[in-house]
Amino acid sequence: MKKLIMILLVMLLAFGFTFSAAAEKVEITYWQYYYETKEETINELIDMFEKENPDIEVKHETFPYENYNTKVAASVPSGSGPNIINLYYGWLPLYINAGYLKPLPHDEFAPADIEEEFFSLVSAAKIDNHYYALPTAVRSLALIYNKRLFKEAGLDPEQPPKTLEELVDYAVKLTKRDKAGNLIQEGMTMALRGQLHHWVREVLIRQYGGQPYSEDNREVMYDSEAGYDAFGYFMDLAREHKIGEPNFMTDDVTAFKSQRAAMTIDGSFRIGTLDKVGNLDYGIAELPTHNGIKSNFASFWANGITSFTEGKELEASIKFLKFLTSDQAMQLWLTNVGELPAKPSAAFTDENRNDPKYGPFIRGLEYAHATYFVDEMSQRQVWTDAYDRVMLEGKSVKEAVDKAAQEEQKVLDEYYEGK
Amino acid sequence: MIKFIKENHIIAYIILGIGGLAMIFPFVWMVSTSFKEPWDVFNLAIIPPNPTLNNYVRLLTVSNFSRWFFNSFLVGLSVTVSVIFFDSLVGYTLCKFSFKGKNVIFILILSTMMIPTEMLVIPWYNMSRELGWINNYWGIMFPGLMTGFGTFLMRQFFYSVPDDLIDAGRIDGLNEFQIWYKVAMPLVKPAVSALAIFTFLGNWNAFLWPLIVISDNNLYTLPVGLAFFSGEFQTEWEMVMTGASVATIPVLIIFLIFQKQIVEGIALTGLKG
Amino acid sequence: MFKKLFSKLTIKQKQALWGYLFLIVPMIFYLGVRFYPTLNSFYISLTDWDIVSKNKNFIGISNYIELFHDEVFWKTLGNTFEYIIYGLPLNLFLSFVIAYNINKLRYGLTIYRTLYFIPYLTSLVAVSWVWRWLYQPIPLGIFNNFLAQFGIAQQPFLESTSQALPSILAPTIWVQIGFQVIIFLAGLKGVPKYLYEAADIDGASNMQKLFRITIPLLRPTIVFLVVTGSIRYLRIFTQVYNMTYQGEGGPLNSTKPLVLYIYNSAFRRFEMGYASAMTVILFVIILVITLFQLKVLNKHD
C-alpha cells in the first residue's frame, strides 16, 4: 500500500515535469494577454503558419491582462519565458533597456523598409537605429453609440454628437435613473481606467488648446489652463450632469454590451466583442470635435523576440514574426479583432476609409497622437486617482490635475533619470 | 413559560441560529448562483428559477480548472507528506535525544516562526530564478517542506511518549529510526492527523507565493487560477460563483469527514501553541 | 569498518550521531530556505535591485529614507493598523459572544459550531470574490438591492474611500470567527465547573460570573488570540488583492495594506530593494508583537 502511494507520487511528479519534452520539431512559444478575439485569431494564424512550416510548432499562451506585465517581467529573465512576445508599446522602453528583447536583424527587417511601410508611430519601438518589435495592427478611438437607446430618447440614430457641447446634451438626455435616484442607464460610460484616460490626455487637453507633454516627452505640460478646462469638462460630466459612474455594471464594456450605456469611447478592437452580442444595434462616429480641433489617440501592441532566443528557435521566431506582420495577417486581424492594419498602404484604402464600422477609426488615425508612456499602468493610475480625488475627497479640479501632473512627472523623472 | 425559555436558553438557540444562517448565507448564495442561467443572475430567488449545469460545463471547457485542481492536490499532498515526515522526526529528535547543540537548534527552528513569509518571498523568488525553479511544482513546494510550528507541536506531543517504551525498542534491537517510526509515531497519531490536515488546508489555500512563482497557466494552483479566472470573467458573475464553488466544495467535504479531528486539532494547537 | 567504529561508541554517542543524522537535511533546509533568505532580505533592502537589471547596487539606507518620505507607505501602514484596531476587537468580541452562548447549549452544539466554522475553511480568494459581488452597485449586488427594497439609498461600499476598508474587514472577520469560536470553546471547557457552583452558592449573578470567573480564566486564550489575530491582520493581503480594482488597494489607496504595497512594489513595479526595506519593517513589527506575547505569557505562568 505504502509502496503504491510512493509509486503514484513519483508518477505524478514525473508527469508534471516531463510534460513538455516531446518531438524533434522546433517549438517556439508565443505570449500575449487574454482577449477573446485576439486569442482566437492568433490560434487561426498559428494553424496557417504551421501548415506552411510543418517543422515549426508554435505554443500559444495567454495571461489575464491585469497580471500580464508582471508575468512577463517575472519570466523572461529566468529564461523560461516565450520566444516571441506581444507587448504594449508603452512598455517597450523598460524591456528594451533591460535587454529583454533582441534587436530585429537588419537583413530581415531593415529599419528603412519598416519606416517606409509602417505608420510612423511604430518608431516608439526603435532605439539607437534598431527596431525591437513590430505590430500587426494599430488602434485609435471613436465614439460608439447604441442606436436603439438613441431612438428611445427621441434622438436621431444617424446623427451622433459632433462637438463636445452636443455630447453633453445627448448624454444628459440618454441618462436614466430610478425613483430612488439610482443610475439605471448611463448616457456615456465614465471609466477612465478603460480608454477614457487616453481621451482626456491626448484628445481633450489638445482640444482645449493644451499639450499633454513637452516635445521630448519628458515633461508633463497639462497642469495648465487647458488641462484644468479639459479635465473640468470631464468632471462636469460626472459631477454636474451625472451621466455615468465608473463602476456601473462592473465596467464600461459590460455596461455598453448589456445596453445600459448609450455611448462609450473605445478602440476598434471592441467591434469584435460587440458584434458577438445579439440584437445590439450600434453606430460608430469620429470623436466629437471642440473649437474645430480634431484629435485622437493611437496605440499598438507589438511583437518582439526575446533575447535568449537563439539558433533554430531564432530562425523559427523570425519566420513567425514575418508572418504576423504580413498583409495577410493584418487583413485577418482587421476582420476578426477589429484592429487596424499597421501599414498606411493597407489601412488608408478608400474601402477602409468609408467602412461604416472601421471608417471612423481609420479616419481618426490621420490626426492621432501616441503617448510615449514609460509606465503605462502608473500613468493611467494617475488619472483614475485624479477622478477619485474630485469625487470622493471633494478636491477641486485644479488641485486634482496639479497632483496628477506632479505624480506623473515623478514617474517620468524616475524613468529618464535611471536611463 | 418564561422560566422554560430561560432555562433552556431558547433565545440563545434562536439568535445563534439566525447568526449561523447569516454566516452561511454568502455560501448559499454563491452555490445557488452557480446553478443559475446568466439572465437569472439579477433574480434574487435563492432557489434558481431555471436550474442548470451549464456554468459548470462551461467552466471546465473555457478554463483549466481541472488541471488547477490537480496541481493544488499534488502540491498539498506532497508538502503534507514532507511536513509530517520531517517535522515529527525533528520534533522527536529534539525531544528524546540528548546531544550537544540541541537547544541551540531548537531555538533556531523555533525562531523561524517569527519570520513572516512576506519577508522571504523576494529572496525565494530570486533564488528560484537562479536555480530554475520558477514555473515548476518544486518551486511552489520548496518553501513549505518543513515548518517551525509543526516541529514545535510534534516536540510537545512526543513528551507524552514514555521513555521506557523507547528503551524497550532499543532492547528489541530496533535502530533509532525504527523506534521513531514504529514505536513513537503511532502514539502521537492525533497530533499527526491534526498537523496533516492543517498543512494540507494551508497549502490548498495558499495564495501569495504560488501567485509569485508560477506564471504558467498549466501550473496554477486553485486559488491563483481562481483569482485570474475571476479577473477575466469579472463581468459574468455566475461564472465567478461557479469557480468559487468548485474551489470551496472539496474543502467542505474534507471538513465534514474529518470534522472531529479538525476541531480538536485547532483546539489543541491553540492551547499548546 | 564503519560498523566496527560505530559499535565502539557509547550509547550516548550513538544517540548523538543519530540525532545529527536526522537533523542534517532539516538544518540545510532551515539555513537555506529560512535564515539565508532572511539575511538576504536585509541585504536587498540596501540595494536598488529592480529584477530587470542584472546588478544590485549597494545604496546604503536610501530605501529606508525614501520610505520615510513616502506618503503611500505611511498610508498603507496606517491602513494596516486600522485593519487591526477595528477588526480584531470586533472579531474577538463576536467570537466570544458566540462561543459563550454555544457553550451554554445542551443540544446542537456540533451543528452550531459547524455553521460558524464553515467560512474559515474556504479559500480566501473565493470568499473575496463572493463578497466583492455582494457589494456591487444596483442592479448586480445583493446588499444594494436589499437596501433599495427598504427605500435606503444605495451605498458605494468598495468604491468609497470611507466605506471600502470596513467593507473588506467584514469578510475578514466573517472568516476568522470560526477559528476563534473553536479556540474560545476549548478555553471555556477548561474552566472548572466547581467555580461556577461555588459562585452560585454565593448568589453571584451571571454577569458577575462572567467577569469574575470566566474572563480572567480565559486570559491565556485571549492573549493567544490577540497575538495570532494581530499577526494575521498585519499580514492581510489576499482579500484586498482580490476585492479591489486590479488588486491596487484603491480607491486612492484607502484599503491598501502594507503587504499589498510590498507585493506591488516588488512584483508589479519591480522595486525589489524598496519592497525588501518594507518587509524588514514588517519583520520588526511582528518581532515586537511576538516578544510581547512571550513576556505576557511568561509573567502569567
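The table for this structure:
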{"quantity": "Over 16 Å [Cα-Cα, segment B:152-240], rounded percent", "calculated": "68"}
{"quantity": "Three-way shape call for segment B:1-52 based on the alpha-carbon gyration tensor, with the a/c threshold at 1.5", "calculated": "prolate"}
{"quantity": "Exposure ranking of C:Arg212, A:Arg177 by accessible area [1.4 Å probe, largest first]", "calculated": "C:Arg212, A:Arg177"}
{"quantity": "Probe 1.4 Å, accessible area per residue of segment B:62-272, Å²", "calculated": "34"}
{"quantity": "Dipole of segment B:159-215 [Lys/Arg +1, Asp/Glu -1 at C-beta], most positive-end residue of B:Val192, B:Phe207, B:Gln178", "calculated": "B:Phe207"}
{"quantity": "Convex hull (Cα only) mean projected area of the protein assembly as shown, reported in nm² to one decimal", "calculated": "47.3"}
{"quantity": "Solvent-accessible area, 1.4 Å probe, carbon plus sulfur percent, for segment C:227-270", "calculated": "48"}
{"quantity": "Cross-link reach list, lysines versus B:Lys36, counting only Cα pairs under 22 Å and skipping chain neighbours closer than eight places", "calculated": "A:Lys257, A:Lys276"}
{"quantity": "Of all DSSP beta bridges in the protein assembly as shown, antiparallel share, percent nearest 5", "calculated": "65"}
{"quantity": "Estimated FRET transfer efficiency when R0 is 30 angstrom, pair C:Ile215-C:Lys295 (beta carbons, to 0.05)", "calculated": "0.90"}
{"quantity": "Cross-link reach list, aspartates and glutamates versus A:Lys319, counting only Cα pairs under 15 Å and skipping chain neighbours closer than eight places", "calculated": "A:Glu27, A:Asp47, A:Glu50, A:Glu52, A:Asp55, A:Glu57, A:Asp107, A:Glu108, A:Glu310, A:Asp327"}
{"quantity": "Neighbouring partner chain Cβ atoms per residue of B:209-221, average, 10 Å criterion", "calculated": "4"}
{"quantity": "Peptide-level mean, for B:22-28, of C-beta atoms on other protein chains within 10 Å", "calculated": "5"}
{"quantity": "Total accessible surface hidden between B and C, rounded to 100 Å², 1.4 Å probe", "calculated": "8200"}
{"quantity": "Per-peptide average of other Cβ atoms within 10 Å, ordering A:221-232, C:61-72, B:40-51, A:31-42 highest first", "calculated": "A:221-232, A:31-42, C:61-72, B:40-51"}
{"quantity": "Formal net charge of residues neighbouring A:Gln207 (Cβ-Cβ distance under 14 Å; K, R +1; D, E -1)", "calculated": "-2"}
{"quantity": "Apportionment of accessible area to carbon and sulfur, segment B:1-52, percent (1.4 Å)", "calculated": "79"}
{"quantity": "Estimated dipole of the protein assembly as shown in Debye, rounded to 20 [Cβ of Lys and Arg +1, of Asp and Glu -1, Cα centre]", "calculated": "5740"}
{"quantity": "Computed magnitude of the charge dipole of segment B:62-272 (debye, nearest 20; Cβ of K, R +1, Cβ of D, E -1)", "calculated": "500"}
{"quantity": "All lysines inside 21 Å of A:Lys162 as judged from Cα atoms, apart from same-chain residues fewer than 8 positions distant", "calculated": "A:Lys147, A:Lys151, A:Lys173, A:Lys242, A:Lys294, A:Lys357"}
{"quantity": "Residues of chain C: accessible area per residue with a 1.4 Å probe, Å²", "calculated": "45"}
{"quantity": "Diffusion coefficient, µm² s⁻¹, Stokes-Einstein with Kirkwood Rh over alpha-carbon pairs of segment C:2-44 at 25 °C and 0.890 mPa s", "calculated": "197"}
{"quantity": "Interface A:C - total buried accessible surface [probe 1.4 Å, Å², rounded to 100]", "calculated": "2400"}
{"quantity": "Residue mean of other protein chain beta carbons inside 10 Å, C:105-115", "calculated": "4"}
{"quantity": "Per residue accessible area of segment B:1-52, 1.4 Å probe, in Å²", "calculated": "60"}
{"quantity": "Shape call, chain B: gyration tensor on alpha carbons, a/c limit 1.5", "calculated": "oblate"}
{"quantity": "Segment C:27-78, accessible surface, carbon-and-sulfur percent (1.4 angstrom probe)", "calculated": "69"}
{"quantity": "Contact surface B-A: accessible area buried, both sides summed, square angstrom, 1.4 angstrom probe", "calculated": "2100"}
{"quantity": "Contact order relative to length of chain C, as percent, for alpha carbon pairs under 8 angstrom and 6 or more apart", "calculated": "27"}
{"quantity": "Reduction of at least 50 Å² in accessible surface, 1.4 Å probe, comparing all protein chains with the chain by itself, residues of segment A:177-203", "calculated": "A:Asn182, A:Arg193"}
{"quantity": "Rounded, prolate or oblate (a/c below 1.5 giving rounded, otherwise prolate when a/b exceeds b/c) for chain C by Cα gyration tensor", "calculated": "oblate"}
{"quantity": "Separation of the B:Thr117 and A:Asp47 label points, Cα + 7 Å toward Cβ, nm", "calculated": "4.2"}
{"quantity": "Entries of A:Lys25/A:Lys126; B:Lys3/C:Lys209; B:Lys260/C:Lys209; A:Lys51/A:Lys126; B:Lys102/B:Lys260 with Cα pairs more than 25 Å apart", "calculated": "A:Lys25/A:Lys126; B:Lys260/C:Lys209; A:Lys51/A:Lys126; B:Lys102/B:Lys260"}
{"quantity": "Hydrodynamic radius of segment C:1-144 per Kirkwood, over alpha carbon pairs, in Å", "calculated": "22.7"}
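The values are calculated or read from the model by the stated rules, or taken from the named source; none is laboratory data. Keep in mind the model is a prediction, meaning the values are calculated, not measured. Neighbour counts run over all protein chains shown; Cβ positions are idealised from the backbone, glycine included. Surface accessibility is based on the protein's heavy atoms, side chains included, excluding ligands, DNA and RNA. Shrake-Rupley method; radii C 1.70, N 1.55, O 1.52, S 1.80 Å.
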